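Contents: one structure, followed by commentary.
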Amino acid sequence: MTRKPQLLLLAGLLAAALAVVAAVVLQNPAGPTQVSAAESVPMAAAAKTSFPGLAAATEDEPDLAGLHTTAPIKGRTVQVAGPFDDRFVLKDLAFDGSAAMGTVTVTNDVSDLLEMQVLAGFYDEKGALLVTDRIIRDMGSEGQNHPGSAEEREEFIIRVPPEFQGKAVSAAVGVPVLVNE
């Protein structure tokens, strides 16, 4: 082959390659995309990340539904249901007009009580919920260690917030968080 036909053949191949590249670019103007590993997995083999009936997590502190539906009588403190009621007993519940108080006694096999929250709702004379407040006991950071104890007892006092002093006449309490080993 002489030099001229070789140049023509090379020019033709180059033109064909440019035409193919131009066709691909025109079909995808954003340019080539990369496929992530998650996109390359068939849908049937992908991990399921949502489940029916599961509520999305919120950044708020845990709540107890019973605080919004109960109406304790004046001067009383009542217990509302929570997710850990089978693991503790609330005793000595009282309301003195300025605070709800009592004792949480953990009754399941406890070696260490790591964290506990007691949540209180404060109510007006008509039984309407005015405000909630809580105490958080993070025992893990306090260095408490109770090896082998069969019972853990924690007293609590949750004060009525200042702006509701004199308006709150009753309370309800529950335990939305209880972590132990």
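Between the beta carbons of SER98 and VAL179, assuming R0 = 41 Å, the FRET efficiency works out to 0.90 to the nearest 0.05. Loop-located GluC sites (Glu not before Pro) across the stretch 59-140 with a Cβ neighbour count of 14 or fewer within 10 Å are GLU59, GLU125, with loop assigned by DSSP.
Accessible surface for LEU8 stands near 120 Å², nearest 10, in the context of the full protein assembly shown (1.4 Å probe).
Here the simple spin-label model places points 7 Å from the Cα toward Cβ, and for ARG76 and ILE135 these points are separated by 2.3 nm.
The values are calculated or read from the model by the stated rules, or taken from the named source; none is laboratory data. Not measured: the values here are computed from a predicted model. When we count neighbours, we look across all protein chains shown, and the Cβ atoms used for this are built from the backbone with ideal geometry, even at glycine. Areas reflect the complete protein model, heavy atoms only, side chains present, ligands, DNA and RNA absent. Shrake-Rupley method; radii C 1.70, N 1.55, O 1.52, S 1.80 Å.
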